[in-house]
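**Student:** Can you read through this structure? Questions will come right after.
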Amino acid sequence: MENSKITIYCDGGSRGNPGPAASGIYISQFKKGYSKFLGKTTNNEAEYQSVIFALKKIKHLIGGEKAEKSEIEIKTDSELIVKQLNGEYKIKEKTLVPFFIEIWNLKQDFSRVNFIHISREENEEADRMVNKELDSQNGLF
C-alpha cells in the first residue's frame, strides 16, 4: 500500500484570553469538519489543542495501520504554532510545552507530519467550526 496524504485544516480560538475556547478542524479529503469545546483557556493553548485534536481524530478515523502509512499535512493560520512545531521558534510559554510534547508523540503514529502556515482566508472551514462550537456553548460560561 502506498503512502496517502491527508490535509487537515486546524484552528483554535478563545473569546477572551483566557476565555471560553474551542478547536475546529476540517479534513479536506473527507470534506468534513469537527469541533471540540475546550473550556476556559488561552488562544495559543486552543491553537495547540486543535493540532492534537486533528492528529487524534484522523488516527481514529483511518485506523492505526493506515496512519503509519499516511503523510499528514496540518495547515493552520497560527504562525507561532507552526514555527514552534517546526523548531524555528523556542517555546517561551511554559503552559504550551506539554501540548508540544503530546504533538511530538502523536507524530510518531504517522509516516510524516508537516506543519504549514496559511492565511486566515484559507482557514475558513476550521474557523467556522470553532465559532460554531463556541456559539453552541453560549450562555454556559
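The values are calculated or read from the model by the stated rules, or taken from the named source; none is laboratory data. On a predicted model such as this, the values are computed, not experimentally measured, just so you know. Quick reminder, even Gly has a Cβ in these numbers, built from the backbone with ideal geometry, and neighbours come from all protein chains shown. The area values use the complete protein model at the heavy-atom level, side chains included, leaving out ligands, DNA and RNA. Shrake-Rupley method; radii C 1.70, N 1.55, O 1.52, S 1.80 Å.
**Student:** Looking at the structure I just gave you, is R128 open to solvent by 70 Å² or more (accessible area, probe 1.4 Å), under 14 Å from the mean Cα position of the chain (by Cα) and either under 27 Å from S4 (Cβ atoms) or modelled with pLDDT under 95 (or both)?
**Tutor:** In short, yes.
**Student:** Okay, next question. Return only the number of the condition from (1) open to solvent by less than 70 Å² (accessible area, probe 1.4 Å); (2) assigned to a helix (DSSP H, G or I) that I101 does not satisfy.
**Tutor:** Of (1) open to solvent by less than 70 Å² (accessible area, probe 1.4 Å); (2) assigned to a helix (DSSP H, G or I), only one is false for I101: (1).
**Student:** Now for a separate question. For segment 20-43, which residues satisfy the criterion of being open to solvent by less than 40 Å² (accessible area, probe 1.4 Å) and farther than 14 Å from M129 by Cα?
**Tutor:** Passing the criteria: P20, G39, T41, T42.
**Student:** Scan the strands (runs of 3 or more DSSP E) fully inside segment 1-98 and keep the ones with 3 or more residues being in contact with a Leu (Cβ under 7 Å, 6 or more places away or on another chain) and of a type outside the set (S, T, Y).
**Tutor:** On the way: elements: 4-14, 19-27, 32-41, 70-76.
Fully inside segment 1-98 and qualifying: 19-27.
**Student:** Do we have any residue at all in segment 79-88 that's out of contact with any helix residue (DSSP H, G or I) (no Cβ under 8 Å at 6 or more places or on another chain), closer than 23 Å to E124 by Cβ, of a type in the set (A, V, I, L, M, F, W, C) and at pLDDT 95 or above?
**Tutor:** There is at least one residue in segment 79-88 that is out of contact with any helix residue (DSSP H, G or I) (no Cβ under 8 Å at 6 or more places or on another chain), closer than 23 Å to E124 by Cβ, of a type in the set (A, V, I, L, M, F, W, C) and at pLDDT 95 or above.
**Student:** Follow-up question, since we're still on this one. I'm trying to understand the selection: among the residues of segment 71-98, which are hydroxyl-bearing (S, T, Y) and either crowded, with 18+ Cβ neighbours inside 10 Å or on the phi > 0 side of the Ramachandran plot (or both)? Can you show your working first?
**Tutor:** Applying the first criterion (hydroxyl-bearing (S, T, Y)) to segment 71-98 yields 76, 78, 89, 95.
The answer is T76, S78.
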